[in-house]
Amino acid sequence: MKNDNDAHPILEVKNLTKDFGGLRALNCLNLEVYRDEIVALIGPNGAGKTTFFNCITGIYPPSSGDMLITPPGEKAKKINNLKPNQVTARGLARTFQNIRLFPNMTVLENVMIGRHCRMSAGIIGAVFRPKSTIVEEKQVVADSYGILEKIGLASFVNEFAKNLPYGAQRRLEIARALATEPFILLLDEPAAGMNPLETRELDNLIVRLRDQEGISILLIEHDMKLVMSLSDRIVVMDYGRKIAQGTPQEIKANPVVIKAYLGEETDAPVEECTDVLR
């Protein structure tokens, strides 16, 4: 693990609770991600993993609790009431369980869309097209192509997204997320539907993003071989609460985790909500 556990987390979630009517989808969830860390969030179907992602990315407002991020060189900032585009602009980017590309746009254009939150030209610039806007647009093209080279998709640059092989479409979603310049990347089941070769390529890509690009990774994944091979730390959820966390070796041997995956009642203590962060 590359992070210093005594350092302040770059993502800190405290007592996060989300209710949908009478259903409690998240129950006092606490989670941290540190710099240069790959954290896997696992659990049975319906455990609340995607709901958690939707809360921290602004899609769902939490019922209670706090969510804070600490961008490089900055102080911690609460993101509870931000819209998804505002969360993205602050350095959190995500992919989705179901591919959400623009199918009738080219691979390059899909990545360029991700650069929108980093562009300074507004409506006036788009209409009158001063030199500064033209220069910025050329830079967006160059930056987007550079990302495709890093991801291994440069050969598809002018292809429509819908024509890409499935594994390449998954990587294109990651490329578009990278275009927003995140310091934390959230991946929702990135290996879903991939064959073994595509999964190995994804494993290498995720580690490379952490090691070479300095991006911390938080991923939801059901492929336990992938989770065990690349995670620094694993957080296990069941019925909306955290039941365990630790290294892959610790989680693999944890009887509470084994019971949860077998569908048995767990003996894990329910976390009590304490005072939320101020």
Full-extension gain between A142 and S64, please, as 0.36 nm times their residue separation minus the C-alpha to C-alpha distance. 23.8 nm
What number results when the radius of gyration of the chain, computed over Cα atoms, is divided by 2.2 N^0.38 Å? 1.04
Tally the DSSP beta bridges in segment 157-247 and give the antiparallel ones as a percent, rounded to 5. 50 percent
Applying the span-like rule to the chain (DSSP H, Cα extent along axis at least 27 Å, Kyte-Doolittle mean at least -0.5) gives 131-151
According to the Kirkwood expression over distinct Cα-Cα pairs, how big is the hydrodynamic radius of segment 56-110, in Å? 13.2 Å
Which GluC sites (Glu not before Pro) in segment 129-161 sit in a loop by DSSP (not H, G, I, E or B) and have at most 16 other Cβ atoms within 10 Å of their own Cβ? E159
With the cut-off at 20 Å, tell me which of the pairs K14/K77; K49/K242; K18/K242; K78/K150; K83/K131; K14/K49 have Cα atoms farther apart than that. K78/K150; K83/K131
In segment 2-58, trypsin sites (Lys or Arg not before Pro) in a DSSP loop with at most 15 other beta-carbon atoms within 10 Å: K2
Only helices counted: for the chain, with every DSSP H run of 4 or more residues adding -39500 (n - 2.57) and the sum spread over all residues, [θ] at 222 nm is -10500 deg cm²/dmol
From a point 7 Å beyond the Cα of A89 in the direction of its Cβ, which residues of segment 182-197 have a backbone N at a distance under 17 Å? 182-183
To the nearest 10 Å², what's V39's accessible area with a 1.4 Å probe? 0 Å²
When DSSP beta bridges are limited to those with both residues in the chain, what percentage is antiparallel, rounded to the nearest 5? 55 percent
Can you figure out the FRET efficiency of N98 with F160, using R₀ = 25 Å and their beta-carbon distance, to the nearest 0.05? 0.85
Could you give the dipole magnitude of the chain about its Cα centre, charging the beta-carbon of Lys and Arg +1 and that of Asp and Glu -1, in debye to the nearest 20? 880 debye
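The values are calculated or read from the model by the stated rules, or taken from the named source; none is laboratory data. From a predicted model like this one, the values you see are computed outputs, not experimental measurements. Cβ atoms come from the backbone with ideal geometry, glycine included; neighbour counts cover every protein chain shown. We work out accessible area using only protein heavy atoms, side chains counted, and drop any ligands, DNA or RNA first. Shrake-Rupley method; radii C 1.70, N 1.55, O 1.52, S 1.80 Å.
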